[in-house]
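Working notes, beginning with the structure itself.
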Amino acid sequence: MTRAIQIPREDLERLRRLLPGMSTTQAVAEALTRGSRVLAGHDDGPGADVRAIDPHDLTTLRRRLVQEAVEVAGHRFALVTGLDRRREAVRRELRSYEEGLALDRDVVPGLKLEAKELRRRIRQLEERARAAGIDVDAVGPPIRWSETIHVDGYEPPRYESDSDRRARTVAFFQRVGGR
Amino acid sequence: MTPLPVFEEALTRIGDAAGPVELETVEIQDGKGSDDDVRAAVYAGMLDLLIERLSNEAEQEVVAAALVRGLRIVRSAEPPLHFAHAEQANTIREHELAARMRGRSNAVTRDWMIPRLRRDIEAYRAHIRALKAALATTGGAG
């Protein structure tokens with residue numbers, strides 16, 4: 001079975017230089033076979049103090065170094081690929097804010113203000129109807145007020161433009177400078 | 001380049017994620033385990049080759065010293081990489097959580113509040129028409 005994996009290019013180039021004459025696929029296959037053999041059944045656990053390893057015990061040193069370097073390479077790979085995930089996460093968050101802002105600024109205020117105005121108009125008309133002796137509760141279609149969205153106290157949010165902020169800043173410094 | 005600098009440079013680079021790292025996709029025949037397992041085995045093989053080349057061309061004492069130095073290099077690289085990776089994972093989680101929460105809030109606005117406001121507005125308009133009609137019968141519409 002064939003599969004595709006990603007490896008930092010500079011490490012692959014190093015491997016290609018170590019195994020000249022081999023194609024990338026062959027060099028990777030060779031490293032994989034050799035590396036699987038090296039790693040198989042030789043997990044020494046957490047790192048021992050370097051000073052505690054007999055410097056003449058090349059077999060242990062070699063094995064430990066390979067194990068620990070492989071672990072570091074794994075962290076590095078995760079960190080590198082994490083950059084793309086981070087960019088994507090930031091992009092998704094930004095998009096959610098943009099969508100929210102578009103709804104809260106462009107759609108919701110218009111509807112709420114319209115609803116508020118219509119409710120005001122209804123109160124006005126009901127008052128006049130009552131004054132004219134009309135039973136307003138009998139005028140249909142009825143509105144189930146408890147199920148409506150309460151918008152009577154609604155004020156649309158104010159969004160400042162750059163020019164608003166600039167004008168206010170200039171006015172502030174004019175005021176302060178005038179003292 | 002002689003094997004010793006190549007060996008030490010390889011270990012230093014393996015622990016350095018500061019610069020841009022370009023990835024290359026390679027085809028692997030028969031890789032058992034996850035992609036991480038396969039990558040780990042490829043790295044183990046590459047490092048073993050580097051050590052073998054060093055061993056073939058240097059005295060045993062030189063090789064031993066290089067291995068001890070190499071171990072120190074990777075051990076000094078591990079904590080900052082580990083920390084940076086954990087911090088990155090946290091940041092990603094925070095961004096994803098914020099996007100999810102905001103997405104839910106947007107969905108409530110888009111799929112619940114806006115249709116409901118539109119429905120309310122329709123009901124208000126119908127009620128206003130009815131009130132005006134009732135007032136008209138008494139001559140008080142306007």
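The values are calculated or read from the model by the stated rules, or taken from the named source; none is laboratory data. The structure presented is a predicted model; accordingly, all values stated were derived computationally and were not measured. Cβ atoms come from the backbone with ideal geometry, glycine included; neighbour counts cover every protein chain shown.
Points worth noting:
- Filtering the range B:58-73 to residues that are at the interface with chain A (Cβ under 7 Å from one of its Cβ atoms), within 33 Å of the chain's Cα centre (by Cα) and surrounded by fewer than 18 Cβ atoms within 10 Å (Cβ to Cβ) leaves only B:Arg72.
- Within the range A:18-60, the set of residues being at pLDDT below 60, in a loop (DSSP other than H, G, I, E, B) and surrounded by 10 or more Cβ atoms within 10 Å (Cβ to Cβ) comprises A:His42, A:Asp44, A:Gly47, A:Ala48.
Yes/no matrix, rows are residues, columns are (1) under 17 Å from A:Leu19 (Cβ atoms); (2) modelled with pLDDT of 85 or more; (3) out of contact with any helix residue (DSSP H, G or I) (no Cβ under 7 Å at 6 or more places or on another chain); (4) not in a loop (DSSP other than H, G, I, E, B):
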position	(1), (2), (3), (4)
B:Gly19	no, no, yes, no
B:Ala41	yes, yes, no, yes
B:Ile51	yes, yes, no, yes
B:Leu54	yes, yes, no, yes
B:Arg72	no, yes, no, yes
B:Pro80	no, yes, yes, yes
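- All conditions in (1) without any contact (Cβ under 8 Å) to a residue 12 or more places away in the chain; (2) more than 7 Å from chain A (Cβ to nearest Cβ); (3) within 16 Å of A:Val80 (Cβ to Cβ) hold for B:Asp16, with the sole exception of (1).
- Here the condition is being at pLDDT 90 or above and either in contact with a Pro (Cβ under 9 Å, 6 or more places away or on another chain) or within 30 Å of B:Ala133 (Cα to Cα) (or both); of A:Gly153, A:Gly140, it holds for A:Gly153 alone.
- Within the range A:116-151, if we keep just the residues that are facing chain B (nearest Cβ under 7 Å) and among the basic types (Lys, Arg), the residue that is surrounded by the most Cβ atoms within 10 Å (Cβ to Cβ) turns out to be A:Arg119.
- Unmet criterion (only one of (1) buried (at least 20 other Cβ atoms within 10 Å of the Cβ); (2) facing another protein chain (nearest Cβ under 7 Å)) for A:Gln67: (2)
- Within the range B:94-109, no residue that is assigned to a helix (DSSP H, G or I) sits with its Cβ atom under 7 Å from a residue that is surrounded by fewer than 13 Cβ atoms within 10 Å (Cβ to Cβ) at 6+ positions apart or across chains.
- Which listed residue, of B:Ser34, B:Ser76, B:Ser55, is surrounded by fewer than 19 Cβ atoms within 10 Å (Cβ to Cβ), closer than 24 Å to A:Ala4 by Cβ and small (Gly, Ala, Ser): B:Ser34
- Pick from the range B:75-132, criterion under 22 Å from A:His150 (Cβ atoms) and either within 19 Å of the chain's Cα centre (by Cα) or aromatic (Phe, Trp, Tyr) (or both), ranking: nearest to the other protein chains (Cβ to nearest Cβ): B:Tyr124
- If you go through the range B:57-70 and pick out every residue that is in a helix (DSSP H, G or I) and free of Cβ contacts under 8 Å to residues at least 24 places away in the same chain, you end up with 7.
- Single residue of B:Ala84, B:Ala99, B:Ala89 found to be touching an Asp or Glu at 6+ places or on another chain (Cβ under 9 Å) and either buried (at least 17 other Cβ atoms within 10 Å of the Cβ) or closer than 30 Å to B:Glu9 by Cβ (or both): B:Ala99
- Residues in the range B:110-142 that are in a loop (DSSP other than H, G, I, E, B) and either among the small types (Gly, Ala, Ser) or modelled with pLDDT of 95 or more (or both): B:Gly139, B:Gly140, B:Ala141, B:Gly142.
- The conditions of being out of contact with any Asp or Glu (no Cβ under 9 Å at 6 or more places or on another chain), surrounded by 14 or more Cβ atoms within 10 Å (Cβ to Cβ) and either more than 7 Å from chain B (Cβ to nearest Cβ) or not aromatic (Phe, Trp, Tyr) (or both) are not met by A:Leu111.
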